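Student: Sharing a structure below in C-alpha cells format, with a few things to ask.
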Amino acid sequence: MAFELDPNSLTDKIIAGDSEAENHLFLLFKERIEFLVRARLRGKVSSDDQKDVISEARQAILLSLRKGGFDPSKGKPLEAYIAGIVSNVVAMHFRNLSKKNPAEDLDKYHSLKEFNNPLSEILDNEKKKKLNEALNRLDEKYRNVLLMRVYDELSIEEISNHLGIEKRRVSERINYAFKLLLKELKKQKYFQ
C-alpha cells in the first residue's frame with residue numbers, strides 16, 4: 001500500500017488504527033527521532049539507555065497520534081510536533097534519573113532522615129515551633145476544631161456534638177481552618 005507524504009492523511013490513518021501507516025510514519029521519521037534523542041541526551045547516558053529513550057519516544061509519539069493529538073490546522077508541521085514529544089520524553093528521562101539517583105556520595109550516617117541525627121531533631125523542633133505559632137494565630141474556633149480533629153482524633157460527629165453545631169458546619173470549619181493554617185505557614189516560610 002502506497003502512502004502519501006501528506007501528514008494529514010497519514011495521521012488520519014493512524015487514528016483509524018492502520019498499523020501500516022504507523023510503520024510508514026516511523027520509516028519516515030526514524031532517523032530524525034534517533035537524532036533528536038541523541039542530541040538532547042548529549043551523550044550523558046549509556047547506549048542502552050539511549051535505545052530505551054528512543055523506544056519511549058516512539059511509544060509517546062504513537063499514543064499521542066492515535067489519540068488525535070496532532071492538529072495540522074494549527075499550522076505546526078508533523079516534524080515539529082514529533083520533536084516536541086521527543087523533547088518531553090528526554091526531559092522526563094532526566095527528571096526520573098534525578099529522582100532515582102539521589103546524591104549517592106553523601107555520607108548516609110549524616111542523612112537528615114536518620115533517627116539519631118541531631119540536625120534532624122533541630123529541624124523538627126523548629127517546624128513544631130512554627131506550627132504552634134501558626135495555630136496560635138488562628139481564631140479560637142478554628143484552632144479548637146483543628147486540635148479536636150487532628151490531635152484529639154475526634155470524628156466529625158463527636159466534634160459536632162461537643163460544639164453543638166451541624167456536622168456539615170464542622171466539616172466546613174475544618175476545611176477553612178486548614179486553609180487559614182496553610183496561609184499562616186506560608187507566611188512563616190514553613191515549607192522552605
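Laboratory data are not the source of any read-out in this text; all were calculated from the coordinates shown. Owing to the predicted nature of the structure, the values given are computational and were not obtained by experimental measurement.
Student: Using 0.36 nm per residue, how much length does the chain from residue 52 to residue 186 gain when fully extended, once their Cα-Cα distance is taken away? Write out the running numbers ahead of the final one.
Tutor: Working: separation 134, 0.36 × 134 = 48.24 nm, distance 4.09 nm.
Here the answer is 44.1 nm.
Student: Using 0.36 nm per residue of separation minus the Cα-Cα distance, give me the extension gain between residue 94 and residue 128 in nm, one decimal.
Tutor: Details: separation 34, 0.36 × 34 = 12.24 nm, distance 3.49 nm.
Between residue 94 and residue 128, full extension yields an extra 8.8 nm.
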